Amino acid sequence: MTNMPLKKQEFPFKLASWLPTCYTIYLIWLRHLLERLGQDRTLSIWRDVRQDYDDGFLLQILGTGWNIDMQAKGGEAEQKIAALFSSYFPDPIQGVSKISARQLVEEMPPVKQIKQTFQSLSVWKSMTAYEVLHLKFDARALLAESLIRLHGKQGELIAYDVLREERRITGGGRTGSVAEFISDFISEPETPNLFTAGLRVDWVQVSELEVVLNVKECEWARYFQERHPQVGYLMACSTDEVAYRAFNKDIRMQRTATLMEGGEVCDFRIYTVSDNHEGQ
């Protein structure tokens, strides 16, 4: 990864390829809350997020600078979104049907604002990591904050369970060897992305079976410290190893400090605990 200044680095963000993931995450939240808290408490939390929501920065992001994405197929994105509701709500859950679930999801930011702004999802824009993090995390952080405010430690643990499932499902189900994971982890992509734009990394040690690195700058830390300090570690850091182990059960992570919690660096060590290096 390069050591470019983070705040000004931009990368292409494609709306049609991301929005189905946004819907998926909301459906995971909605199912978990309904199953754990019931309909009344779930709808209370949902309303709590929407009430007095400040969408000024969101509308600024959505307002200008978008280009037609000639390669995107907005209709396919809409088909994926429709299929998601049949998958997550084949039958009503705590009295909420798939039709009601869609109404609830589409009332939430940024989905509501996106539907009001764009006639077609086939658009892209060069964005900073901070802007993309706001699109992805702002309302979800408000959900976690509402859960904790209304339900204390139970609410925090429910949020953690949701975030674990998010990481597992949105990871795409890909698995492989430890060596393959590390190769992907350290590779420099041809096109900048959220991670190359959002992190400045010093590589301490790299081998086929172990990576040691220090994250020196992190836009996740800057974003959450400025906007959602109560839930920053929970939302952005707590499930890192979950994602790694989903790829390969023998991967482990050591980390003794994070920028999110005020440390000087995030000191990662990612390694294997198995002698069977190619095992899944």
Helix 129-170 sits at what angle to the longest principal axis of the chain, using alpha carbons and giving 0 to 90 degrees rounded to 10? 70 degrees
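Taking neighbour Cβ counts within 10 Å as the exposure measure, how do Ile270, Ile68, Ile93 sort from fewest upward? Each step should come with its number before you reach the end.
On the way: Ile270 22, Ile68 9, Ile93 19.
The fewest-first ordering by Cβ neighbours comes to Ile68, Ile93, Ile270.
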What does a probe at Thr117 reach in region 195-232, counting residues whose amide N is under 15 Å from the point 7 Å along Cα→Cβ? none
Charge tally for neighbours of Ile28 with beta carbon under 9 Å away, counting Lys, Arg as +1 and Asp, Glu as -1, is -1
Residues with amide H under 5 Å of Thr258's amide H, sequence separation 5 or more or different chain, H placed in the peptide plane at 1.01 Å from N; which? Gly263
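Send over the per residue convex hull volume for region 53-210, Cα only, as a whole number of Å³.
Details: hull volume 29.0 nm³, N = 158.
Cα convex hull per residue, to the nearest whole number: 184 Å³.
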Hey, what did region 10-170 get for relative contact order, percent, Cα under 8 Å, at least 6 apart? 41 percent
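Among Val273, Val178, which comes first, then next, by fewest other beta-carbon atoms within 10 Å? Let's see the in-between values first.
On the way: Val273 9, Val178 27.
The most exposed by this proxy come first: Val273, Val178.
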Enumerate the lysines that Lys216 could reach by cross-link, defined here as Cα to Cα under 17 Å, with residues fewer than 8 away along the same chain left out. Lys7, Lys8
Inter-part distance where region 235-267 and region 118-177 are each reduced to a Cα centre, Å: 16 Å
Using a simple spin-label model with points 7 Å from Cα along the Cα→Cβ vector, what separation in nm is obtained for Arg252 and Tyr53? 4.2 nm
If the chain between Tyr233 and Met70 were fully extended at 0.36 nm per residue, the gain over the current Cα-Cα distance would be 54.9 nm
Given the -39500 (n - 2.57) contribution per DSSP H run of 4+ residues, what per-residue ellipticity at 222 nm results for the chain, rounded to the nearest 500 deg cm²/dmol? -17500 deg cm²/dmol
Could you list which residues have their amide H under 5 Å from that of Asp69, counting only those 5 or more apart in sequence or on another chain, with H placed in the peptide plane? Val123, Trp124
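Read-outs throughout are calculated quantities, based only on the coordinates presented, and are distinct from any laboratory measurement. Since the structure is predicted, the reported quantities are computational estimates derived from the model, not experimental observations. Quick reminder, even Gly has a Cβ in these numbers, built from the backbone with ideal geometry, and neighbours come from all protein chains shown.
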